[in-house]
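Coordinate-derived values only; no laboratory data. Please read all numbers here as calculations on a predicted model, not as lab measurements. With ideal geometry, Cβ positions are generated from the backbone for all residues, glycine too; neighbour counts draw on all protein chains shown.
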Number of protein chains: 4
Amino acid sequence: MKKKSRLLDQPIEPFVVDRDLTAEQLLTRMERISFQGRSLATAHRVWQRMLADDVTIFLGVAGALSAGGLRLVIAHLVTEHLVDCIVSTGANLYHDLHETRGRRHYLGSPQADDAALARERIDRVYDTFASEPEFVENDEWIADFTAMLEPRPYTTREYLYELGGHLWRTTGNEGILTAAYRANLPIFCPAIADSSIGMGISQTRQRAPAHGQIDVIGDIIESTNLVIRRPRTASVVLGGGTPKNFINQASVQAAFYSPDVGGHRYALQIVTDVPHYGGASGASLEEAESWGKLAADAARVTVYADATIALPILASALASSARPLLAARRRPLFTLASRVMTIDGQTVSSDRFEAVNESAV
Amino acid sequence: MKKKSRLLDQPIEPFVVDRDLTAEQLLTRMERISFQGRSLATAHRVWQRMLADDVTIFLGVAGALSAGGLRLVIAHLVTEHLVDCIVSTGANLYHDLHETRGRRHYLGSPQADDAALARERIDRVYDTFASEPEFVENDEWIADFTAMLEPRPYTTREYLYELGGHLWRTTGNEGILTAAYRANLPIFCPAIADSSIGMGISQTRQRAPAHGQIDVIGDIIESTNLVIRRPRTASVVLGGGTPKNFINQASVQAAFYSPDVGGHRYALQIVTDVPHYGGASGASLEEAESWGKLAADAARVTVYADATIALPILASALASSARPLLAARRRPLFTLASRVMTIDGQTVSSDRFEAVNESAV
Amino acid sequence: MKKKSRLLDQPIEPFVVDRDLTAEQLLTRMERISFQGRSLATAHRVWQRMLADDVTIFLGVAGALSAGGLRLVIAHLVTEHLVDCIVSTGANLYHDLHETRGRRHYLGSPQADDAALARERIDRVYDTFASEPEFVENDEWIADFTAMLEPRPYTTREYLYELGGHLWRTTGNEGILTAAYRANLPIFCPAIADSSIGMGISQTRQRAPAHGQIDVIGDIIESTNLVIRRPRTASVVLGGGTPKNFINQASVQAAFYSPDVGGHRYALQIVTDVPHYGGASGASLEEAESWGKLAADAARVTVYADATIALPILASALASSARPLLAARRRPLFTLASRVMTIDGQTVSSDRFEAVNESAV
Amino acid sequence: MKKKSRLLDQPIEPFVVDRDLTAEQLLTRMERISFQGRSLATAHRVWQRMLADDVTIFLGVAGALSAGGLRLVIAHLVTEHLVDCIVSTGANLYHDLHETRGRRHYLGSPQADDAALARERIDRVYDTFASEPEFVENDEWIADFTAMLEPRPYTTREYLYELGGHLWRTTGNEGILTAAYRANLPIFCPAIADSSIGMGISQTRQRAPAHGQIDVIGDIIESTNLVIRRPRTASVVLGGGTPKNFINQASVQAAFYSPDVGGHRYALQIVTDVPHYGGASGASLEEAESWGKLAADAARVTVYADATIALPILASALASSARPLLAARRRPLFTLASRVMTIDGQTVSSDRFEAVNESAV
């Protein structure tokens, strides 16, 4: 037989089962198997490389992850500085607030009788139940809180920082919003109007007409400036949706204003959508490169898996493997307590695009 | 053999191929086959029932449908009054504007070399290409337009009406935005900040700092009041995303304020996402019932298919089958040219929730 | 703006809705839209090109298509010579036999109470019901038929030809098996043991121990020789499964014995599985090229859609568009009524691989 | 607020990240989250319950699991007696044989240039490569082995036992076939004709015309009798395909002959297909109940995930959690070295269906 192709140089190593394998050991053994098992193991390595490099790590959070029991995983990513900035759907923040306020979601069944649930005022999210009266009461709580803010437009970043602070002071409970508040980590929620947080805010106007103004256009400017200020970025996306696109558009828009921005240096997505229907949630990272959302040489990996399987394993593995990296990490430092945020001591306007970035200063 | 179960009463009728079958005939023959073929045929019937009843029909538009060649199908649905109100992602309106302004999208390939595309400044959406310089120029056009508006917050509904008008006056071309403008049909875009329309608006502030304010919270109130004013509604959803949820939340929020609101009477969704990962895009219409998004006795159907296959067939079939229904249809009439819209002559506030609805007047 | 890239030369033409569009007109208008709509329109063109060329067209049939109302579409493809050879799962042939024998499948619901169905002895296939006692009686009918055959091994090709003949003589009804019998079109069923046809055959042995022998290894040899004899082939695959692989393996195995075999010249698949889990059903046609299953320059298209939507449209369009091609088509002619089949007058052994093929004779 | 519904009794417990969590601890913490994370944790519990009960556990293996690095996980399930009988696609056994014979599969990329791979005679399975010349040589090795067997029909169960023995004696290497041989665990391969093992067998006839006969109808009878002899069964399915159906049909067919058979008592499937296209691979376990494939009170769980993620975690967790259960387990004992196998000392015919079962003896 003739000499083997150089393409056949790294053999698959079959996974060997052992007792008491840890999450990190599981993923290490999955690095040289195939398909999505390998992708998940690769995601572990790509995230480590992000942490070892000097990049701002965006986390996109879509899907019913908070209702589904992953809110403390995300809080952990925040507290341990595995990510630097969150872009979330409103629902994930709302269901986080619900539990931080001491309420619960419940084990349910996808075969439940929905007419019966409706009569009992129980809302279903696939296999998970929640109390609608408790949700109604949350909305009122949000309306009350919003009425206490100044009667002026807030970016979602500023609003959610204040919301996290209020939650922390009134409950002392851990969650995404409270962890981000305590860690001074910005959260953007570009589609806040499409969520129960938005519904709560809208109810503020009934009692306090000048309140309840959200400046989502300011969020675009601020997130863009954040990239301009610190142009080396990475993207971790859970589930696609508006967060995936918003993280990418910040990079694209920043490149209009600053030649130093060249797309994310690292990209990791855990999605269940597929590319062939053309939707943004399922779009491949290769396609993202054509738009300049990704640098040409970006390390990238797509994991086709439910985040409720992939994220607990990945985060648990990183809890061990990333410790030395986190100790050495140079991460961005924010102040968030006003209309104008700062990053590493520099202001980040939400009113006009910056002309210069960190590397040029 | 014992008497047959009453569950076995309607036999499958195998599809019989014939020459020159029309779209309507295709769907009629698919009514008694199985799986998604039957679902698509059922969708045809459910939409007809919506049109025969006295309901306000919401259309949700997500996925890259405009870039993908369906914008004139949606414009047709608007012009022919097959729907009454659109909730869209920003991308679908942006790509519509792009073509209405005379630019094109192009046939491409999913196997394209994305690094080469990036060098040529071509953006890829699966199998479809577009020119990035043309997109940059669109953004500037949007910024210019936005600077001409009054320096005050606009709901997306008001903003998009003005945008449609400006497009119509400057191009005279058909499209979603121009068709909606001419038909006085409202468009909401709750996640406008997550789109190139939002990016264009954000650039306005660079030149005209007081401009480029979007009041997405006002959209929540207005869409809710629209349901309160005319509580019998139907939902046609293409692709899930923020439009699907926004249409449902309007119904849920309206029920807080008005006992006459009881969820959509009809629901039809064409989606590719699945329920079992818990995300809202794939959520079943059964689940929607538990939330009160759907009436208990709502006619409903989910079609698991790419809208680029399902919608051309469905719209073409309705072009024949719905004609008598459209002639007799009692549809809502809007005025949209100011901060306060009207429906059937009654104002619809974007500032506070209405206490009474049409049926109580 | 600089000169446009040559990659941007064929614009998307938005689909325009009209009344009374036929299936062929629908697909023609879908040729220049995007995503799976375009793929379906491309499938129409690729199938036409197969018919215009001198190739043997294999049809793979998997999924519950017969139970789901598509058996007469497949019979139509056979009768009108749009395909030349079928590879099917056993289930599709069994459910075809069920209806050809005058029994029916029934409209059901995916939300049915399966415990109640089990008590009533109703079997459910997603949204379709059938009577279990009728299935039991089919199995006995198959056992009776099988006992009438000679006590020797039969390839599935020979067995299914005899079964089709018996069905035709006893019922005179149209279906896949009877159409193939009448058109002298071979059907292979490599996984017959994994089906109710296999179960019926197995029951023959209880009464006639020397009967009920199926030679599936003979099927491999015969299908390979069929490709060796007529090495220009095309593949139309519905749903993946064993038929997809069997059609490809015939091509790969034939290439071992004959240098004139170079993979399918055309490949069209309508599937719902995706490539990224590594399974054969979802494997891409690009991947197939690496194995030599496809010629390097093969015209190919994958349509990601449920066959119950895609096939009725495609077959209806071809009923018009393919007529001139069918009149001129040079198709293979088979005799099937014995252990040794012939193609175009030449024998096709099921015992040993042929050394020469048509082009060398 | 009124008293809470009894449906809201078991709260979701958010997953808490910790260092050094083992696979078992991961799954324990995932039991009270949502969606497929919970399903995977439930699968862990259902498998434990199978092991604690007195049932015969069938394992169905479809998808490219052996090529993809899971063959030693499956060998582990065999060796440790976590399953009692395997039903596999031919491909999984073929790729197992390939590695047991000392050859390898290789890390590749889904973006590979397939024309270049074809020129280098490298076969691609999504992200995994293999040498085609090595595959050709395997086929010859299989043909040589098959020529050494007696010139009579073999069930796949008997054939694969002999194949495993020959592999073990000539290589001494671990794998699925050799582990099953050593553990006296039967393997069925109903679709053997649709695989490279079948291709290898077919080549035997070229040199030894009386050899290479496979009796797949005998497999149906034998697998049915196996259920009749020991009517309490469980089903673990990886990936759907022919194994899923074959395991179910054995149960259905056995119920024709024996009233003690009432469907699987436990069912666990890890699949990526969905129910709504009607195919058997994606069929729900609820649907299976209507057919009597599952007992009405069967413990059941579907995990929608790639097996290359789910199985390594599940098997690793069971390596710890199942130890006490395995020590106490009463499992079936087979002899496999002839045309007639035995289970627990009783013969299991492949020629005629048994009238009595274990519980009646």
For this session: Arrange D:THR100, B:THR42 by Cβ neighbour counts within 10 Å, fewest through most, would you?
Result: B:THR42, D:THR100
Exercise. With labels modelled as points extended 7 Å from the Cα through the Cβ direction, what inter-label distance (nm, one decimal) is found for D:ASP297 paired with D:GLN111?
Worked result: 5.5 nm
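Assuming 0.692 mPa s and 37 °C, estimate D for chain D with Stokes-Einstein, Rh taken as the Kirkwood radius over Cα pairs, in µm²/s. Provide the component values of the computation, followed by the final result.
Numbers: Rh = 21.4 Å.
The Stokes-Einstein estimate is 153 µm²/s.
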Seminar exercise, completed: Exposure-ranked with fewest Cβ neighbours within 10 Å first, C:ARG265, D:ARG339 stand as D:ARG339, C:ARG265
Problem set entry | Radius 14 Å from Cβ of D:GLU140, net charge of other residues (Lys, Arg +1; Asp, Glu -1) | -1
Seminar exercise, completed: Measuring from the longest principal axis of the C-alpha atoms of chain A, the long axis of helix A:90-100 (C-alpha) lies at a number of degrees, nearest 10, equal to 70 degrees
For this session: Between copies, how far apart are the A:ARG330 label points? List them in nm, one decimal, shortest first, with each point 7 Å from Cα toward Cβ, please?
Result: 6.9, 7.1, 7.2
For this session: Give, as ranges by residue number, the residues of the stretch A:6-25 whose backbone N falls under 11 Å from the point 7 Å along Cα→Cβ of A:GLN48.
Result: A:24-25
For this session: Quick one: of B:LYS293/D:LYS4; A:LYS293/C:LYS4; A:LYS293/C:LYS244; A:LYS4/C:LYS293; A:LYS244/B:LYS293, which pairs are farther than 30 Å apart, Cα to Cα?
Result: A:LYS293/C:LYS244
Exercise. What's the angle, to the nearest 10 degrees (0 to 90), between helix B:196-207's Cα axis and the longest principal axis of chain B?
Worked result: 20 degrees
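Computed FRET efficiency, Cβ-Cβ of D:ARG352 and C:PHE256, R0 45 Å: what is it to the nearest 0.05?
Values: r = 39 Å, r/R0 = 0.86.
With R0 = 45 Å, the Cβ-Cβ based efficiency is 0.70.
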Exercise. With a ≥ b ≥ c the root eigenvalues of the C-alpha gyration tensor of the stretch B:274-349, is it rounded (a/c under 1.5), prolate (a/b larger than b/c) or oblate?
Worked result: oblate
For this session: Apply the Kirkwood formula to the stretch B:228-361: the hydrodynamic radius equals the inverse of the mean of 1/r over all pairs of different alpha-carbon atoms; give it in Å with one decimal.
Result: 16.4 Å
Seminar exercise, completed: In terms of the alpha carbon gyration tensor, root eigenvalues a ≥ b ≥ c, rounded if a/c is under 1.5 and otherwise prolate when a/b exceeds b/c or oblate, the stretch D:19-148 is oblate
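What is the fewest-to-most order of A:SER109, A:SER350, B:SER223 by other Cβ atoms lying within 10 Å of their Cβ?
Sorted ascending by nearby Cβ count, the order is A:SER109, A:SER350, B:SER223.
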Problem set entry | Principal-axis tilt of helix C:132-148 within chain C, Cα atoms, nearest 10 degrees | 70 degrees
Problem set entry | Cα centroid separation - the stretch A:216-247 against the stretch B:192-270, whole Å | 23 Å
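Based on the Kirkwood radius over alpha-carbon pairs, what is the Stokes-Einstein translational diffusion coefficient of the stretch A:76-175 at 25 °C with 0.890 mPa s viscosity, in µm²/s?
Details: Rh = 15.4 Å.
Answer, rounded: 159 µm²/s.
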For this session: Put a label point 7 Å from Cα along the Cβ direction on D:ARG152, then list its distances to the equivalent points in the other copies in nm, shortest first.
Result: 2.1, 9.4, 9.6
Exercise. Distances from C:ARG45 to the same residue in each other copy, label points 7 Å out along Cα→Cβ, in nm, shortest first?
Worked result: 3.7, 4.0, 5.4
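Using only the Cα atoms of the stretch B:174-240, build the gyration tensor, take square roots of its eigenvalues as a ≥ b ≥ c, and label the shape rounded, prolate or oblate: rounded if a/c is under 1.5, else prolate if a/b is larger than b/c, else oblate.
prolate
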For this session: With a point put 7 Å past each Cα toward its Cβ, work out how far A:GLN206 is from C:ASP9 in nm, to one decimal.
Result: 6.1 nm
Problem set entry | Rg/Rg_ref, the stretch D:163-304, where Rg_ref = 2.2 N^0.38 Å and atoms are Cα | 1.19
Exercise. Using only Cα atoms, what is the ratio of the radius of gyration of the protein assembly as shown to 2.2 N^0.38 Å?
Worked result: 0.90
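Add +1 for every Lys or Arg and -1 for every Asp or Glu among the other residues with Cβ under 13 Å from the Cβ of A:PHE188, and state the total.
Once positives and negatives cancel, what remains is -4.
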